[in-house]
Amino acid sequence: MKLLELIKDLDFECVQGSTDIDITTLVYDSRKVENGSVFVCISGAVRDGHDFAKDVVKAGAKALIVEKNVDVPDDVTVIKVADTRLGLAVSSAAYFGNPANELTTIGITGTKGKTTSTYMVRSILEESGIKTGLIGTIESIIGDEVIPSANTTPESYVVQQYFRKMVDAGCKCVVMEVSSQALMLNRVGGFVFDYGIFTNLEPDHIGPNEHKDLDDYIHCKSLLFRQCKFAAANIDDPAWKDITKDFNGSVLTYGFADNADLKGKNAHLLSENGFVGVHFETEGIKNLSVDVDIPGKFNAYNALAAISAVSFFDEIEDQMIIDALKVAKVKGRVERVPVPYNYTLIIDYAHNALSMENVLETLRQYNPHRLITMFGAGGNRPKVRRYEMGETSGRLSDLSVVTEDNSRFEDVMDIIEDIKTGLAKTDGKYVVVPNRRDAIKYCMDNAEDGDIIVLAGKGHEDYQEIKGVKYHMDEREIIADILNGKS
């Protein structure tokens, strides 16, 4: 590729050298530079890529994209832009052949609900025969490939790389979580979303390394609606107008308000034969009767967001939406694992007191025969977390089953003793089963009709970390083994 081809969509100044040169790779990590690379100097919170200018030239970089002055030999091309993060996004799109042009792109932003809504959207699209990639907090899904996530929204280069892989894998669509940080740092620059969706806003992610105040947080969320063709927003959230104020067009609204374009009504909890979810109906642009297999009334909003997103697709039939939402799951987030008995088994990532409280209070609303919580606590982490988790489970569970969870370099029994300190502050009953596999079996063997059992802490993780070694352990596989009499 010629350098000019890579940067043609950038507003740039060629400070020195020529743009008519052949380049090999585009990199923003100095350790990955090779002969012929273009290096993008990113000013990060910890390191400044401009400081590595001379090092990357020695390693073979033929061109640099900068936002500050650098001192490099005259035969090195220096391209100056106002913002190298935007420069990376735009040049990454060109580097991978602008793959977003070959995909229908859906971006979902908001404080809560992004993860669940993206999985719901993907479930509906896949049910309708539209092969769909996903980028989010838990994982990215590219055809049959699943990649664990480090950030809600990856760096722009990775976003474009994933888009290209999705196109090559035959995907026609991608749905992705778009965090305020990603919008602030131009991780989704360089392309236009077909659809932008807003879920809700709460004061969050405000602090020294995130957003300076609520206005900044709202502003960053709103940036999505400067780069999408169509938009949908939760009309019941007062911030929706501020978030979408820069959108050039009419916004499709959803919610339970009478004036919503997609109006939800008659939402109520649903519990039968191990199924714990929410039922609601819609009127307006869609007239549906929907059952969602994820507990909590708030998931009606997530489902409405998903229905709004897919309503832009003419080829998606109402029955496909209904069928998909009834089976949609989010890996490790109040994920119900079907069992052939009359109790409910749920895997959840809750690994601190607040997330555990949210999950257990949600499940309490279903009036289970018993609410049983199996959990442990991570080693080499603050002990107060263990006390708080023990106290929370003791207060909200009918039975706590205390076990291991990534004990790392600590003795699992020491961690369990700390959890028991918290449990002792309550009247909650508990048993100790140190081995996690045995603990799952204990819960299943002793389950009674109408119980809700929560396996808390691991969620989407498929490993157990002990003494610096990660051993494979997927709770879904363990449950299947127990059901098949193998464990």
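The values are calculated or read from the model by the stated rules, or taken from the named source; none is laboratory data. Owing to the predicted nature of the structure, the values given are computational and were not obtained by experimental measurement. Note that we place each Cβ from the backbone using ideal geometry, even for glycine, and neighbour counts take in every protein chain shown. The protein model used for the area step is the full one, side chains on, heavy atoms only, and it has no ligands, DNA or RNA in it. Shrake-Rupley method; radii C 1.70, N 1.55, O 1.52, S 1.80 Å.
Residues in the range 172-194 that are in a helix (DSSP H, G or I) and not polar (S, T, N, Q) were compared, and the one that is surrounded by the most Cβ atoms within 10 Å (Cβ to Cβ) is Ala182.
Taken over the range 61-71, residues that are open to solvent by less than 10 Å² (accessible area, probe 1.4 Å) and part of a loop (DSSP other than H, G, I, E, B) amount to 1.
Kindly provide the set of residues from the range 461-477 that are over 25 Å from the mean Cα position of the chain (by Cα), aliphatic (A, V, I, L, M) and either on the phi > 0 side of the Ramachandran plot or surrounded by 15 or more Cβ atoms within 10 Å (Cβ to Cβ) (or both), ordered by number. Show your work before the answer.
Looking only at the range 461-477, we keep the residues that are over 25 Å from the mean Cα position of the chain (by Cα), and these are 466-469.
Next, only the ones that are aliphatic (A, V, I, L, M) stay: 466, 469.
Matches in the range 461-477: Ile466 only.
It is to be established whether one or more residues within the range 251-268 are of a type outside the set (A, V, I, L, M, F, W, C), part of a helix (DSSP H, G or I) and open to solvent by 50 Å² or more (accessible area, probe 1.4 Å). So that I can check it myself, show each step before the final result.
Within the range 251-268, the first condition is being of a type outside the set (A, V, I, L, M, F, W, C), and the residues that meet it are 253-255, 258-259, 261, 263-266, 268.
Going one step further and asking which of them are part of a helix (DSSP H, G or I), we end up with none.
Scanning the range 251-268, I find no residue that is of a type outside the set (A, V, I, L, M, F, W, C), part of a helix (DSSP H, G or I) and open to solvent by 50 Å² or more (accessible area, probe 1.4 Å), so the answer is no.
Give the residues of the range 359-412 that are in a strand (DSSP E or B), within 26 Å of the chain's Cα centre (by Cα) and among the β-branched types (Val, Ile, Thr), sorted by residue number. Reasoning before the result, please.
Within the range 359-412, the subset in a strand (DSSP E or B) is 371-375, 399-402, 408.
Adding the requirement that they be within 26 Å of the chain's Cα centre (by Cα) leaves 373-375, 408.
Passing the criteria: only Thr373.
Among the numbered conditions (1) assigned to a loop (DSSP other than H, G, I, E, B); (2) open to solvent by 60 Å² or more (accessible area, probe 1.4 Å); (3) touching a Ser or Thr at 6+ places or on another chain (Cβ under 9 Å), the only one that Asp55 does not meet is (1).
Every listed requirement among (1) surrounded by 20 or more Cβ atoms within 10 Å (Cβ to Cβ); (2) out of contact with any Asp or Glu (no Cβ under 6 Å at 6 or more places or on another chain); (3) not charged (D, E, K, R) is met by Asn435 save one, (1).
When the range 385-403 is limited to residues that are surrounded by fewer than 24 Cβ atoms within 10 Å (Cβ to Cβ) and among the basic types (Lys, Arg), the one that is modelled with the highest pLDDT turns out to be Arg395. A Cβ distance below 7 Å, combined with a sequence gap of six or more or placement on separate chains, defines the contacts here; from the range 470-481, residues that are modelled with pLDDT of 95 or more reach residues that are surrounded by 15 or more Cβ atoms within 10 Å (Cβ to Cβ) and among the acidic types (Asp, Glu) in the pairs His472/Asp462; Met473/Asp462; Asp474/Asp462. Out of Thr104, Thr111, Thr115, one residue alone is polar (S, T, N, Q) and at pLDDT below 95. It is Thr111. One residue stands out among those in the range 317-331 that are over 20 Å from Asn273 (Cα atoms) and buried (at least 21 other Cβ atoms within 10 Å of the Cβ): the one that is modelled with the lowest pLDDT, which is Val330. Considering each residue of the range 434-441 in turn, at least one proves to be touching a strand residue (DSSP E or B) at 6+ places or on another chain (Cβ under 9 Å) and farther than 20 Å from Thr344 by Cα.
For the range 270-300, residues that are touching a strand residue (DSSP E or B) at 6+ places or on another chain (Cβ under 6 Å), open to solvent by 20 Å² or more (accessible area, probe 1.4 Å) and part of a strand (DSSP E or B) total 7. The selection criterion, being open to solvent by less than 40 Å² (accessible area, probe 1.4 Å), within 26 Å of Lys329 (Cα to Cα), out of contact with any Leu (no Cβ under 8 Å at 6 or more places or on another chain) and in a helix (DSSP H, G or I), does not hold for Ile416.
Within the range 134-147, the set of residues being open to solvent by 40 Å² or more (accessible area, probe 1.4 Å), in contact (Cβ under 8 Å) with a residue 12 or more places away in the chain and closer than 13 Å to Lys331 by Cα comprises just one member, Thr137.
What about Asp83, is it under 23 Å from Val188 (Cα atoms), surrounded by fewer than 21 Cβ atoms within 10 Å (Cβ to Cβ) and among the charged types (D, E, K, R)? Taking the combined requirement at face value, the residue satisfies it.
What do you reckon, is Asn342 closer than 30 Å to Met374 by Cα, open to solvent by 10 Å² or more (accessible area, probe 1.4 Å) and either in contact with a strand residue (DSSP E or B) (Cβ under 8 Å, 6 or more places away or on another chain) or of a type outside the set (Val, Ile, Thr) (or both)? Yes. In the set (1) open to solvent by 20 Å² or more (accessible area, probe 1.4 Å); (2) under 14 Å from Gly190 (Cα atoms); (3) of a type outside the set (Phe, Trp, Tyr); (4) not in a loop (DSSP other than H, G, I, E, B), Gly97 fails one condition alone, (4).
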